[in-house]
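Notes follow once the structure below has been shown.
The values are calculated or read from the model by the stated rules, or taken from the named source; none is laboratory data. Computed from a predicted model, the values in this text were never measured in an experiment. Neighbour counts are summed over all protein chains in view; Cβ atoms, including those assigned to glycine, are modelled from backbone coordinates with ideal geometry. The accessibility values were calculated without ligands, DNA or RNA, using every heavy atom of the protein model including side chains. Shrake-Rupley method; radii C 1.70, N 1.55, O 1.52, S 1.80 Å.
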Amino acid sequence: MKPIIVRNIDRAEPELINKLGKFGVATVHEAQGRSGLMLPYMRPIYTSARIASSAVTVFCRPGDNMMIHAAIEVCKPGDVLVVTVQSESTDGMFGDLLATSCQANGITGLIIDAGVRDVADLTAMDFPVFSKVISAQGTVKETLGSVNIDVVCGGALVRPGDIIVADLDGVVVVPRQHGADVVAACESRVAKETVIRGLYRAGKLGVDMNGLREKLKSLGVEYVNRTDS
């Protein structure tokens, strides 16, 4: 595929994105049918890191961050960079200098299926990053890639303009065109969980509320009373 940089992409409404961010990764993932979750190695570099933004996707070659520089130009305030590489890489492809450029252009964070460096500086800048690894190994700017094409990052398909929600539970991708439906599903799930939480606080047991007694019995579980001999 010829390297390309797509300047114009469709994005979800900011209000929709913010709502999904408030629900958080676990609720969004469950509400959209347990789909869109990136692999669990995609971790935040500091525990309070959170992102809810439109994805600008970046396809790079291993050990080369040239296309990250190119992507910043086509971002709009509120976007998040979602970076993947052609093959497995643990090189530190992003640090505090690129983060400074990102913040100056309104970019809200970084999701990268490779390494980052300058973590202490990124944390002090309060620039949220979710990465595969942390590595001081530097990179070059020599080989071409693409910006705003469909990519696979952390095992999940990400299309330009998709909604990214990230927090301490991980990273989840919401297809842009499904955003409103997922918000509605999240609202329904939260309402249901509020009722369940109240019942648990009242001392109700999950085996009764979920009809598990009969299921345990049908699967051959036997309750017995033992006495000391």
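For the reader, a short list of remarks on this structure follows.
- Per-bin percent of Cα-Cα distances, the stretch 160-199 [5 Å]: 6, 20, 18, 23, 19, 9, 4, 1, 0
- The stretch 116-129 - phi-based ³J(HN,Hα) in whole Hz, Karplus 6.51/-1.76/1.60, Gly and Pro as x: 10, 9, 6, 4, 4, 5, 4, 5, 4, 6, 6, 9, x, 9
- Alpha carbon Rg of the stretch 115-170, scaled by the compact-globule rule 2.2 N^0.38 Å: 1.34
- Vicinal HN-Hα couplings computed from phi for the stretch 185-196 (Karplus, 6.51 cos²θ - 1.76 cosθ + 1.60; Hz; Gly/Pro x): 5, 5, 4, 5, 5, 4, 4, 5, 5, 4, 5, 4
- Mean shadow area of the stretch 23-69 over all directions, Cα convex hull, nm²: 4.8
- Projected label distance in nm at ASP10 and VAL221, using a 7 Å step from Cα toward the beta-carbon: 4.7
- Of all accessible heavy-atom area on the stretch 1-159, the percent that carbon and sulfur account for (1.4 Å): 51
- Amide H contacts of ASP79 (H built 1.01 Å from N, under 5 Å, at least 5 apart or other chain): THR108
- Structural size metrics of the stretch 114-229, computed from C-alpha coordinates, are Rg and Dmax of 23.8, 77 Å.
- The chain - charge dipole about Cα centre, Lys and Arg +1 at Cβ, Asp and Glu -1, debye rounded to 20: 620
- Backbone amide hydrogens, once placed in the peptide plane, bring ALA114 within less than 5 Å of LYS132, VAL133, excluding anything fewer than 5 places away on its chain.
- Descending by average beta-carbon neighbour count within 10 Å, the peptides 168-179, 107-118, 141-152, 204-215 line up as 107-118, 168-179, 141-152, 204-215, the highest first.
- For THR143, the residues whose amide H sits under 5 Å from its own are MET66, ignoring neighbours fewer than 5 places away on the same chain, with H placed 1.01 Å from N.
- Across the chain, C-alpha contacts under 8 Å between residues 6 or more apart give a mean separation that, scaled by the residue count, equals a relative contact order of 28 percent.
- Enclosing the Cα atoms of the stretch 53-111 in their convex hull gives a volume equal to 68 cubic angstrom per residue.
- Full extension of the segment from MET1 to LYS76, taken as 0.36 nm per residue of separation minus the current Cα-Cα distance, would add 24.4 nm.
- Derived scalar couplings between HN and Hα for the stretch 220-227 equal x, 6, 10, 8, 9, 10, 10, 10 Hz in order, rounded to whole Hz, by the Karplus curve 6.51 cos²θ - 1.76 cosθ + 1.60 (θ = phi - 60°), x for Gly and Pro.
- Solvent exposure of the chain, expressed per residue, is 54 Å² of accessible area, with all protein chains present and a 1.4 angstrom probe.
- Each residue of the chain gets 194 Å³ once the volume of the Cα convex hull is shared out per residue.
- Value of [θ]222 nm, deg cm²/dmol, for the chain, DSSP H segments ≥ 4, -39500 (n - 2.57) each, nearest 500: -9000 deg cm²/dmol
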